[in-house]
Each structure stands twice: as C-alpha cells, then as structure tokens.
Amino acid sequence: MNERNQVSRWRSAAVGLLVGLGFLVGVGIGKRMARTESLKALEKETREPHPNGEEKPGEITVTGEGAEVANIRLAPVVFREVVQTLDVTGEVQPNNDKLIVTGSLVSGRVSQIFVTVGDEVKAGQTLALIDSTEVSQAQAAYAQAVARVAAAKRRWENLKRLVAAGAFSQRPLQEAQKEYADATAELTSAQASLERAQTALDLAKAELRRQQELEHLGAFRYPPLEEAQKELSTARSEVEQARSELTAAQSALVRAETDFQVADRNAARAERLFQIGTLSQRELESAQAERQKAQAEVIKAKREMHAKEVNLDRAQRQLDLAQLKLKREEEVAFLNIRAQSAIQKAEAEVQHAAKELARHQAALEQAARRLEIAKKALQREQHIAEQNLLSQREVQEAQAQYDQAMVELLVAQKALEVLKVEAGRSARIPILAPISGRILERRVSLGQAVTANDTLFVLLDLSSVWVDLRVFEKDISVVKVGQIVSITTPAYPGRTFVGRVQYIGDTLDEKTRTLLVRCFIANPKRLLRPEMFVRARIQVSKRKALVIPVTAYHEDEGKPKVYVQEAPNRFQEREVVLGTRSGKFVEVTAGLKPGDRIVSEGAFLLKSEMRKEEFGEEH
C-alpha cells in the first residue's frame, strides 16, 4: 500500500514538471515571434521601392518613417582645420634658468640659519647670517682712514696758524726727489698690476661664458682638452708673471738711475767743496763711494731687466704653443654634458677677479695721487731751495698729507663697496635669496667656516619647468621650435599642461636613435615635478582639409565606406580614402567632394539592410 502511494506521488511530480517546461517554452516562442513581427514591421517601414522600379548597385531607399525609426542623421562634407600631431614620451626636468646657487661674497663663519630644505622663500629673504672677519677688517680700515683724515686736517689748520712763528724744519730736496722716483715706480707697478687684473677678469668672464655654453649644449670631459686648457692657463700665468717681473725690473732700474743721479750730484758737489777746502778727504771719498755703489746698482738693474725680457720672450713662445694646442684639442673634443660645478667655479673666479680689479684700481688711483703729490712736493722743494720759502712749504706739506689721507679714505670706502657693505654697519652679513622658490639643498651648518667660493644654498623655482622629449629619427623633420605641445601625466589624470618647443638637440642618442626636444611649460601651481614621466602631443602642422564625422564611416573588408544621400531617403554606399584624424573628425582625401551629404548617425541599419539584400540575391 505504501509503495503504491509513493509511485502515485512520483507520477504527479513528473506531470507537473512537464507542464511547467511546456509553459516556459511557449512563452519564449511567443516572445521570439513578437520580436520577429516587430523587425518585419520596421523592415516594411524602412524599405521603399525605387522611383524607377529598380535600385542601382550599392543603393538603398528608406521611407521617412524608417529614417526616423532608425534615427538617421545627415551631415555635410565640409572643409575644416586639421591639426596633425606627433605623440612622444618624455620626462620633466627643472628649468636651469630657475635653478640658482647662492653663497657669501666674503669669508666668515655662519652664525644663524633661518631656512631648511623644502622651505618656500621670497626674493630678498634672509637665508643666513655670516660673521666676517674680512668685513670687520675693512670696517676697521675705514675707521682708521677717517681718523687719519681728521688728524691731517687738524695739523694743516694748526700749521696755517703757526706760519708767522717760523717754527718749521727744512726738508732736503734730495728726499723730495727720492719720493718722486718711488711714486713714479709705484705708479708703473700699479698700472701693470691693474692690466693683469683686467686680463684675469676678462679671462674669468670668458671662461664663465664658455662653461655656460657647455652647460647649454653639454660636453663630455675630454682629458686632452682639459690638459691643453691647463697648459694655456699656466702659460698665460707665466707671461703675466714675466711681465710683472719685467715691470718690477724697469721700476728698479728707474729707482737705481734716480739714486745714481742724486749720488752723482752729491759727489760732484763734494769735489767742488773739497777743492775749496770746506770738505774733508774722508767726506769726499764717502760721496765718491756712494756714487760708485749707485752706478753698480744701475748696471745690476739693467742686467736684471735684460734677463726678465728674455724670460718674457720665452714665456710668450710657450703661450703661443699652448694656444695652438688648445685650438687643436678643441676641434677634436665632442661636447655633451653639463658642467655646473665648473660654472660655479668660473663665477667665483669672476667675483674674485672683480674684487682684485677694484683693489688694483684703488691702488692705481692711490699711486697716481701719490705721484701727483710727490711731483708738487718736488716742485715746491725746488722753489723753496731757490727762495727759502720755509713756512709756505710746511703748510703745503700738511695739505699734501691731508690729501693723501683723503685718498686712503676713498680706498677704504671702495673696499667696503666691493664687499657690498655700508660703512659703520655690523660685520654680520646677510645671505639673501636671489629668487623666489624652494630650498632644494642646504650645504651649510651652524658655525661652519665658509669662503667666497662656497655654495651655501641651492634654490629651485618650479613656476616653469622643462620637459625633455625623445623624438625618433624619422619624425625629426616635422618638429620645429615654437610648436605648441600638450602634456599629460599619470599623476594628474584628465589634466593637460600646454607649452612650446624651446630647443631641439643637435645629436642623436646612439642607442635609442632619438633626438632631444626640450619644451618650456608654465607650472604656476607647481604640480609638475622633476623626473615625472609624461606623454606629449606636438602640434606639427595645421591645414584646411575635407572632413567627415568619425561616426560617419564604417569598414567593409578593411575598406572605409560611407552612405551618401543621392536623393531624399535614397542613399548610396561609397568607398572613401581617409587621411589624418583630428578630434571627432577625419580627413577624406578621395571619394567625396565638398557639399556631399552623408549619413553621420544610423548607418548601421542601412548597412544591415544592404547585407540582407546581398544575402537574398545569393540564395
């Protein structure tokens, strides 16, 4: 009984399952038949007989309702501006014009530091303070010069009040003559030193310009070239040294000849006094010995000057050889890397040479003033020797001392100007930021001793950056300076940075066969950072061309085709030749003419109907 009931339940479950499956199959078939009927209705609405009763190959005609159902949209074939672009990759680099190194103009010790790496600073902001003994010495020299001027002025005024008293001592004429000779020699030496300082400054400036050009172009370190440059520098130094020694020898000869003239006049005077019996034999022999000694010094000075002339000639020949060698090595050398450290050294050399030039200019002015004063003193002594004007001479001598003190004060002032320090100010020198930007490096610590050649801070302004692109050899001809460049980076998706091509390299990378193209990009918000990877699109050309919307064409067996409106609701499939794509449009170089109206949207329905016709004809 139980088994019979169990079999009955199994039969009922099977019948229910079959009924459910039948219901589901019926519903699916109903939906499919409904969809088919809908497509047939749309197909019926779409198709319309050709007015002449037949259609040309590649043509299809639709009704107005069919076009509306298929959402067919038309667009004219027109001329538009087509932008041809070149896509490349590259990296962000700092703008070297905004990468500044700064240091101290004087030697000293760091007493305070106000910034650290990463700080944003403004132009003119104080970065650190330097306690400088060099400035202290210059300030002390200035104070001493002021004191000497005041003392000389007081003495001059006192002597003018004491002229009537006659309490003055006579200054020998020979002393004035010797002072004039020494002043002449000092002026000659100062002129030679100034010429050497000017030459050193010119050489330092030329070296700085050369290093800057090397940084812009790049240069491999080439030992033979560096050796030739070193030999040239050594040869120039030897020439300058030889000239200096020759000038010193000439000055020594002038002094020796002046001393001989004085000794000769003294000996002649002694001989006359000895003849009249007013001078002893011992005094006569002493004067004659002084003359012989002075004559020997003249002969020695002439020999020394001749030897220095020989040395100068030999040094000049070495300089000519060094110049020829440098020229030859420069023709061989191939330049390709930056030399920032060499530029810093060259800048320091320029600063040092400028300071030396200013010092020698001051020395020349002092020597010229001394010569002028000595000349006036000599003339005055000669006049006094004739007229015995003792009182006036002493007053004029005091005035000359006052003038000399004023010259020394001027020299002290110029020394402060070279150090860019105001007189009477503290010896604590501020280090100021030359530009606004961020502290990239801080190479100094509190209490550290620094010199004028040391780099203390490196500042970087990222308000503009360089983007170095690598362009393949085949694309070099289309890239020009000034072309617009659009930059994108994964760091800022959807954001575009715009700039221009600033520099195109001269040599290809031998491994990648690419050329460096550098772009200038404004970066006011400082989003772009050095070494970021970027993609760039260079606008290499703009021109007018016949274009169609990108949505208007389709491909059939790899050939682009469009549907051209021949008449209302009648379209012909036509093969076209495409060119450059520009945004939502693509250039058409053949197959269409201006004014043609083509299907820009809904072409899928036309393509499907045409394929159905072709399929129907084949079967």
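The values are calculated or read from the model by the stated rules, or taken from the named source; none is laboratory data. Remember, it's a predicted structure, so these values are computed and weren't measured experimentally. Neighbour counts run over all protein chains shown; Cβ positions are idealised from the backbone, glycine included. These accessible areas exclude ligands, DNA and RNA; they are computed on the full protein's heavy atoms, side chains included. Shrake-Rupley method; radii C 1.70, N 1.55, O 1.52, S 1.80 Å.
So what's the net charge close to A301: Lys and Arg +1, Asp and Glu -1, counting the other residues with Cβ under 15 Å from its Cβ?
-1
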Query raised in the report: For the range 396-512, what size does the Cα cloud have along each of its three principal axes, sorted from largest down, in whole Å?
Result: 84, 36, 29
Query raised in the report: Tell me, how many Å apart are the Cα centres for the range 79-113 and for the range 446-492?
Result: 4 Å
Query raised in the report: If you wrap a convex hull around the Cα atoms of the range 70-120, how much volume per residue is inside, in Å³?
Result: 272 Å³
Report task. Please list, or write none, the lysines whose alpha carbon is within less than 29 Å of the alpha carbon of K160, excluding same-chain residues fewer than 8 places away. Result -> K178, K375, K376
Report summary line: Ranked output for segments 467-475, 590-598 by mean other Cβ atoms within 10 Å, highest leading, reads 467-475, 590-598
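For the range 115-161, what is the accessible area per residue in Å², given a 1.4 Å probe and the full set of protein chains?
Per residue, the range 115-161 has an accessible area of 56 Å².
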Query raised in the report: Per residue, what accessible area does the range 448-569 have, given a 1.4 Å probe and all protein chains present, in Å²?
Result: 52 Å²
Query raised in the report: In terms of Cα to Cα distance under 29 Å, which lysines are near enough to K230, apart from those fewer than 8 places away along the same chain?
Result: K205, K308, K325, K327, K345, K355
Query raised in the report: Ignoring ligands, DNA and RNA, what percent of the accessible area of the range 417-538 is carbon or sulfur (1.4 Å)?
Result: 53 percent
Query raised in the report: Of S477, W466, V421, which is farthest on the positive side of the dipole of the range 421-483, counting Cα position, with +1 on Lys and Arg Cβ, -1 on Asp and Glu Cβ, and the Cα centre as origin?
Result: V421
Query raised in the report: For the range 484-573, what is the charge dipole size about the Cα centre, in debye to the nearest 20, if Lys and Arg each add +1 at the Cβ and Asp and Glu each add -1 at the Cβ?
Result: 620 debye
Report summary line: Here the range 306-311 yields Karplus 3J(HN,Hα) values (6.51, -1.76, 1.60; θ = phi - 60°; whole Hz; Gly and Pro given as x) of 4, 5, 5, 5, 5, 4
Query raised in the report: In the range 468-619, what is the count of Lys pairs whose alpha carbons are under 18 Å apart, counting only pairs at least 8 residues apart or on separate chains?
Result: 10
Query raised in the report: Tally Lys and Arg at +1 and Asp and Glu at -1 over the other residues with C-beta under 13 Å from the C-beta of K98: what net charge comes out?
Result: 0
Query raised in the report: If you place +1 on the Cβ of every Lys and Arg, -1 on the Cβ of every Asp and Glu, and leave all else neutral, what size is the dipole of the range 391-532 about its Cα centre, to the nearest 20 Debye?
Result: 980 debye
Report task. Please get the size of the charge dipole for the range 526-610, origin at its Cα centre, with Cβ charges of +1 on Lys and Arg and -1 on Asp and Glu, quoted in debye to the nearest 20. Result -> 720 debye
Requested in this report: For the range 450-597, just list the percent of Cα-Cα distances falling in each 5 Å bin from zero outward, please.
Outcome: 2, 7, 13, 13, 11, 11, 11, 10, 8, 5, 3, 2, 1, 1, 1, 1, 0, 0
Report summary line: Within the under-10-Å Cβ sphere about I484, not counting I484, Lys/Arg +1 and Asp/Glu -1 give a net charge of +3
Query raised in the report: Can you list the residues of the range 94-126 with backbone N under 17 Å from a point 7 Å past the Cα of S136, pointing along Cα to Cβ?
Result: 106-112
Requested in this report: If a/c stays under 1.5 just call it rounded; otherwise compare a/b with b/c (prolate if a/b is bigger, oblate if not). Do that for the range 199-301, with a ≥ b ≥ c from the square roots of the Cα gyration tensor eigenvalues.
Outcome: prolate
Query raised in the report: Any idea of the accessible area per residue across the range 209-323, 1.4 Å probe, to the nearest Å²?
Result: 65 Å²
Requested in this report: Find the centroid of the Cα atoms in the range 398-417 and in the range 119-160, then give the distance between the two in whole Å.
Outcome: 13 Å
